[in-house]
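J.: Take a look at the following structure, please.
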Amino acid sequence: QLSTMNSFPVEIAFKSVKYNFQVKRSATDLLIFEIGGRSIKAKVREQPDGSIYVCVGKCVMTVFGTEEALGLRLRLEGVATIMLPALYDPSELRSEFNGKVVRYLQDDGAVVKEGEPYVELEAMKMIMPVKATAAGKISHTRGAGSIVSAGELLGSLELSDPSKIKKIVPFTGDFVLSAGAGDEESADLMTQVELALDGYVPQREPAALVQQLFLEAPPYLYNELATVVLDRYLAVEEKYVEEVRRNVSPDQAFLALIAQNKESLDNVASIALARSQLAARNEIVLSTLRSVRAISNGANLADLVRRLGELPSEHGFGEVALLARQYAEKLNAKPFEERKSSLRATLDEASLSFDKVSSLKATAGGIELLADLLNDESEVIRKNAAEGLVRRIYRQSPGLEVQVSDEGPSKQTCTYSFQFADVPLEGDSIMHHGVCCVLPSFGDFKGLLSESIPLEDSTGKCVNSMSVVISPDAFEVDKLSFYSTDEEFKAMIKETESLLQNSASTLKAAGVRKFSLMLPQAPHMPRYATFLVEQDWKEAPSCRDMRSTFRHLLEVARLDEEYDLERIVPAVGRSSQVFVGTKKGEAKGKLGKPKTIFAQTITHTFDSNLDGDQWMQWPENLFLSAVDELERARLNPDVGVRPNSRIFAHFNTVVDVEPLLVVDGLERFMNGFVAKHGNRLQQSKVDEIALKIGIGNETTGRTHTLRLTASSMGGEYLKTSALFEKADPLTGAPVSWSDAKSGADSSLDDPTAGRMELKRRIARAAGSTYAPEFLGMIK
């Protein structure tokens, strides 16, 4: 029942007008009154003399209140004394206590006398009659078996003597606060989160509150913020769980807590208040876990996540415990130098199996760790680090071969060849070649292009790639956060563009189509820049801080053709990117050009055992992380709440299962995901969810690329379709599609999509739902 302390209605009659306020308690001393579409914050504090110190807007005063027979008498110190009369309407028949309706004693529409019983309620295993407060014709408002609370309306009377009613009209229109708005500054975001965890009503959606917190905080504080949130959550739940694990009911658990805290019952009340808001608390913890999933150190955080994972799956902890168990496996409590030392020991082997390196998690064998070992004193470790780096970037690429030459610390040259994974090996697959040059400084790069590039292009189609890695550290500034190097990075990009344009003939002779610059900045992820021959060796800004392979793996190139893209930073995931796009050639409306938010993500993991539902946990969490990215993007004032959104997830691996079985399993997953998380998807205005995965095995390679899409573009809400996809062997970009079940040629373009999207956008702007989607939502 403590939850009713946080949100409750208040009726106030003043000068024959009834004001219906909905009151929310957002802190121990903060009440928010809502009326007429307006929210009014009131700071309240009880004084030792029983008075209440009140601050509303620019008005501050002390209020004394006295309950009297006729109502509530308020003395506003230094102002006036006013009477708020008790509201009494004899035409309303209300319950006098909590109970269950047994039966009405008169038929609906019959006449009842004043003082005559009109209904029987059951409470505490006793049947008790409730009497009418006036005479008149009764209308029932509840039915037999209904559970009612004290004060709840049971019936209404058409009074025999209407003169008994004093005319009190309900307030309508805009509520104007005579005290003025004042500054009304909200508490800082961390305080708001802590209050919500304590059981008070948050001042905005819990997930949005957490997303805003981590968006505004520098990344080096993520660990500390997450530790505070999870510790505060566990401080309540672990005490409660300790009791329920004894197989007692929730009521018995609280009785046990009361017995243990007889001298400090406030502690039990605090636990009960927090528990009453478990759904909001869970949202905060889930959003926090997804916001810090890329953190790779922090012993305290790792221990807290482990403890979350130990919570039972019942009693409302299921989703939190499941996500915590999955993230506990990824969190590495070791600091960067310790992880680098561990990786160094792994690489210190002359005949190293790179399958062993590729299987390492990103926290144990990621790009930032490998790059930091390129200047190691051991030639074996340097060469293995260089080869491991290339193999990690081109992971899952068929036919990958790498050769490394080493001339000393930070002086390696890797030549490699590969094919695009999306192109079946028995088809028109092209062998691409590349060279990766490791240099000790950016200054050394300036002279590199004056020499010939060790690549050949037998196709004459410019199919090769070149990359330069500056190791171990490309920057001179302090690296407090990932983006601390921005200014220096932008200057290097500009200089690289000039160098590449001046060396265009050398690059063409080597068949280089794409050039990438990788600038390590340990312990953070490296900075990346990609330059393309078709853009006259200008940097591709939509690919900044992405590995060069992500341009086709995340289908950024395809988006680039249709939209003017702007990256939204920072994205939380190591392998996620978020863009806001304006369709090229789109007419400008009254609210500007319509925008769409794209959340693109990639993973190299998928459980190919499609029996049951266990395998669905990982794709579900991946898509929820993408929804988190969308929610964070909307906090950017340049994006806002208007744009529709789409999600794309590339499972860059192959599953050795019959194609149609994969189709059936993924359709089942997608429909279940949309049904389970429909509310969040609608709030994020998701129009399309696309999942891409390979089908095949290690022997035959990839035989099919499956694209499963849940889309509203055709009118029905997030309707699923499955296509087999073929890629351009030159660029790796998808170029043709066929229906996975019928084999008929198909396309990603729907001629009605633009019109449908516009109508949907208009409906959402009006706070409504586009009619053709409604049946799909019900389904």
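The values are calculated or read from the model by the stated rules, or taken from the named source; none is laboratory data. Computed from a predicted model, the values in this text were never measured in an experiment. All Cβ positions, glycine included, derive from the backbone under ideal geometry; neighbour counts span all protein chains shown. Accessible surface areas use protein heavy atoms only, side chains included; no ligands, DNA or RNA. Shrake-Rupley method; radii C 1.70, N 1.55, O 1.52, S 1.80 Å.
J.: Among the residues of segment 20-57 satisfying the criterion of being small (G, A, S) and either within 18 Å of L177 (Cβ to Cβ) or part of a strand (DSSP E or B) (or both), which is most open to solvent (accessible area, probe 1.4 Å)?
T.: At the first step, the residues of segment 20-57 found to be small (G, A, S) are 26-27, 36-37, 39, 42, 50-51, 57.
If we keep only those that are either within 18 Å of L177 (Cβ to Cβ) or part of a strand (DSSP E or B) (or both) as well, we get 26-27, 36-37, 39, 42, 57.
On the way: S26: 6, A27: 9, G36: 48, G37: 93, S39: 66, A42: 5, G57: 20 Å².
So, considering only residues that are small (G, A, S) and either within 18 Å of L177 (Cβ to Cβ) or part of a strand (DSSP E or B) (or both), the one most open to solvent (accessible area, probe 1.4 Å) is G37.
J.: Report yes if some residue within segment 397-418 is within 30 Å of V292 (Cα to Cα) and under 35 Å from the mean Cα position of the chain (by Cα); otherwise report no.
T.: Our first condition is that a residue be within 30 Å of V292 (Cα to Cα); within segment 397-418, this holds for 397.
Then drop every residue that is not under 35 Å from the mean Cα position of the chain (by Cα), which leaves 397.
There is at least one residue in segment 397-418 that is within 30 Å of V292 (Cα to Cα) and under 35 Å from the mean Cα position of the chain (by Cα).
J.: Sticking with this structure for a sec: Could we say that E451 is loosely packed, with under 14 Cβ neighbours inside 10 Å and not polar (S, T, N, Q) here?
T.: Here the answer is yes, as E451 does meet what is asked.
J.: Condition check: among the acidic types (D, E) and either under 30 Å from M126 (Cβ atoms) or open to solvent by less than 40 Å² (accessible area, probe 1.4 Å) (or both). Does E77 satisfy that? Steps first, answer last, please.
T.: Working: among the acidic types (D, E): yes; either under 30 Å from M126 (Cβ atoms) or open to solvent by less than 40 Å² (accessible area, probe 1.4 Å) (or both): no.
When the stated conditions are applied, E77 does not pass them.
J.: Let me ask something else about it. State which residue is modelled with the highest pLDDT when the search covers only segment 401-428 and only residues that are surrounded by fewer than 18 Cβ atoms within 10 Å (Cβ to Cβ) and under 16 Å from P729 (Cβ atoms).
T.: Only one residue tops the list, namely S417.
J.: Can you tell me which residues in segment 314-334 are without any contact (Cβ under 8 Å) to a residue 60 or more places away in the chain, open to solvent by less than 70 Å² (accessible area, probe 1.4 Å) and in a loop (DSSP other than H, G, I, E, B)?
T.: G316, L331, N332, A333
J.: Also, quick follow-up: Please verify whether L723 is touching a helix residue (DSSP H, G or I) at 6+ places or on another chain (Cβ under 7 Å) and part of a strand (DSSP E or B), treating the condition exactly as stated. Let's see the steps before the verdict.
T.: Numbers: touching a helix residue (DSSP H, G or I) at 6+ places or on another chain (Cβ under 7 Å): no; part of a strand (DSSP E or B): yes.
No.
J.: Now a separate question. State all residues of segment 607-634 that are touching a helix residue (DSSP H, G or I) at 6+ places or on another chain (Cβ under 6 Å) and over 20 Å from D664 (Cβ atoms); if no residue qualifies, say none.
T.: Within segment 607-634, S625, V627, D628, E631, R632 meet the criteria.
J.: Separate question: Filter segment 190-205 down to the residues that are under 17 Å from the mean Cα position of the chain (by Cα) and open to solvent by 10 Å² or more (accessible area, probe 1.4 Å) and list them by number. Break it down into steps so the answer makes sense when it comes.
T.: Here is the first cut: in segment 190-205, the ones under 17 Å from the mean Cα position of the chain (by Cα) are 193, 204-205.
Hits for segment 190-205 are R204, E205.
J.: Would you check which residues across segment 236-275 are within 27 Å of the chain's Cα centre (by Cα) and surrounded by fewer than 14 Cβ atoms within 10 Å (Cβ to Cβ) and list them?
T.: Result: E238, single match.
J.: Go through segment 176-202 and give me each residue that's assigned to a loop (DSSP other than H, G, I, E, B) and modelled with pLDDT of 85 or more. Break it down stepwise before answering.
T.: Of segment 176-202, the ones assigned to a loop (DSSP other than H, G, I, E, B) are 176-188, 198-202.
Across segment 176-202, the qualifying residues are D188, D198, G199, Y200, V201, P202.
J.: Here is a follow-up. Mind telling me which of the residues K137, K100 ends up being open to solvent by 40 Å² or more (accessible area, probe 1.4 Å) and under 53 Å from the mean Cα position of the chain (by Cα)? Before you say what the answer is, go through the steps one by one.
T.: Working: K137 fails: under 53 Å from the mean Cα position of the chain (by Cα).
Unique residue meeting the criteria: K100.
J.: How many of the residues in segment 523-538 are open to solvent by 20 Å² or more (accessible area, probe 1.4 Å) and in contact with a helix residue (DSSP H, G or I) (Cβ under 9 Å, 6 or more places away or on another chain)?
T.: Just the residues of segment 523-538 that are open to solvent by 20 Å² or more (accessible area, probe 1.4 Å), to begin with: 523-525, 533-536, 538.
This time we only want the ones that are in contact with a helix residue (DSSP H, G or I) (Cβ under 9 Å, 6 or more places away or on another chain), so: 523-525, 533, 536, 538.
Total satisfying the criteria: 6.
J.: Could you list, in sequence order, all residues of segment 464-484 that are surrounded by 22 or more Cβ atoms within 10 Å (Cβ to Cβ) and over 30 Å from L730 (Cβ atoms)?
T.: S471, A474, listed by residue number.
J.: Report yes if some residue within segment 751-767 is at pLDDT 80 or above, open to solvent by 70 Å² or more (accessible area, probe 1.4 Å) and assigned to a loop (DSSP other than H, G, I, E, B); otherwise report no. Give the derivation first.
T.: Going through segment 751-767, the residues at pLDDT 80 or above turn out to be none.
No: segment 751-767 contains no residue that is at pLDDT 80 or above, open to solvent by 70 Å² or more (accessible area, probe 1.4 Å) and assigned to a loop (DSSP other than H, G, I, E, B).
J.: Moving on. Please state which one of S397, S410, S358, S378 is within 27 Å of W737 (Cα to Cα) and not basic (K, R).
T.: Details: S410 fails: within 27 Å of W737 (Cα to Cα); S358 fails: within 27 Å of W737 (Cα to Cα); S378 fails: within 27 Å of W737 (Cα to Cα).
Among S397, S410, S358, S378, only S397 is within 27 Å of W737 (Cα to Cα) and not basic (K, R).
J.: How many residues, within segment 669-706, are charged (D, E, K, R) and assigned to a strand (DSSP E or B)? Even if it seems obvious, please write down each step before you answer.
T.: Start the filter on segment 669-706 by keeping residues that are charged (D, E, K, R), which leaves 676, 680, 685, 687-688, 692, 698, 702.
Applying the additional criterion that residues be assigned to a strand (DSSP E or B) yields 687-688, 692, 702.
Final tally of qualifying residues: 4.
J.: For segment 1-29, enumerate the residues that are free of Cβ contacts under 8 Å to residues at least 60 places away in the same chain, touching a strand residue (DSSP E or B) at 6+ places or on another chain (Cβ under 6 Å) and under 19 Å from L195 (Cβ atoms).
T.: Scanning segment 1-29 gives F8, Q22, V23, D29.
J.: In segment 140-163, what count of residues is obtained for those that are farther than 13 Å from G99 by Cα and either open to solvent by 50 Å² or more (accessible area, probe 1.4 Å) or touching a helix residue (DSSP H, G or I) at 6+ places or on another chain (Cβ under 9 Å) (or both)?
T.: Residues meeting the conditions: 7.
J.: Further question on the same structure: Which one of F598, F623 is crowded, with 18+ Cβ neighbours inside 10 Å and within 26 Å of T363 (Cα to Cα)?
T.: Working: F598 fails: within 26 Å of T363 (Cα to Cα).
So the residue among F598, F623 that is crowded, with 18+ Cβ neighbours inside 10 Å and within 26 Å of T363 (Cα to Cα) is F623.
J.: Another question about this same structure. Note down all Cβ pairs under 6 Å where the first residue falls in segment 247-268 and is farther than 27 Å from S313 by Cβ, the second is in a helix (DSSP H, G or I) and not aromatic (F, W, Y), and they're at least six residues apart or on different chains.
T.: N261/N267; N261/V268
J.: Kindly indicate whether E122 is open to solvent by 40 Å² or more (accessible area, probe 1.4 Å) and out of contact with any Lys or Arg (no Cβ under 6 Å at 6 or more places or on another chain). Before the answer, list the steps.
T.: Values: open to solvent by 40 Å² or more (accessible area, probe 1.4 Å): yes; out of contact with any Lys or Arg (no Cβ under 6 Å at 6 or more places or on another chain): no.
Here the answer is no, as E122 does not meet what is asked.
J.: Still on this model: Go through (1) closer than 20 Å to I168 by Cα; (2) crowded, with 16+ Cβ neighbours inside 10 Å for A86 and report which single condition fails.
T.: (2)
J.: Another question, then. Inside segment 496-512, can you point out the residues that are touching a Lys or Arg at 6+ places or on another chain (Cβ under 8 Å) and either open to solvent by 10 Å² or more (accessible area, probe 1.4 Å) or at pLDDT 95 or above (or both)?
T.: Narrowing segment 496-512 to residues touching a Lys or Arg at 6+ places or on another chain (Cβ under 8 Å): 497, 499, 511.
Of everything in segment 496-512, those that are touching a Lys or Arg at 6+ places or on another chain (Cβ under 8 Å) and either open to solvent by 10 Å² or more (accessible area, probe 1.4 Å) or at pLDDT 95 or above (or both) turn out to be E497, L499.
J.: Collect the residues in segment 58-71 that are within 17 Å of F21 (Cβ to Cβ) and open to solvent by less than 40 Å² (accessible area, probe 1.4 Å), keeping them in residue-number order.
T.: Across segment 58-71, the qualifying residues are V63, G71.
J.: Restricting attention to segment 615-632, does a residue exist that is more than 22 Å from F214 (Cα to Cα) and over 24 Å from the mean Cα position of the chain (by Cα)?
T.: no
J.: Now, a different point. Residues that are open to solvent by less than 30 Å² (accessible area, probe 1.4 Å) and not aliphatic (A, V, I, L, M): find the helices (runs of 4 or more DSSP H) completely inside segment 354-400 holding 3 or more of those.
T.: Working: elements: 354-358, 362-365, 367-372, 379-393.
Per the criteria, 379-393.
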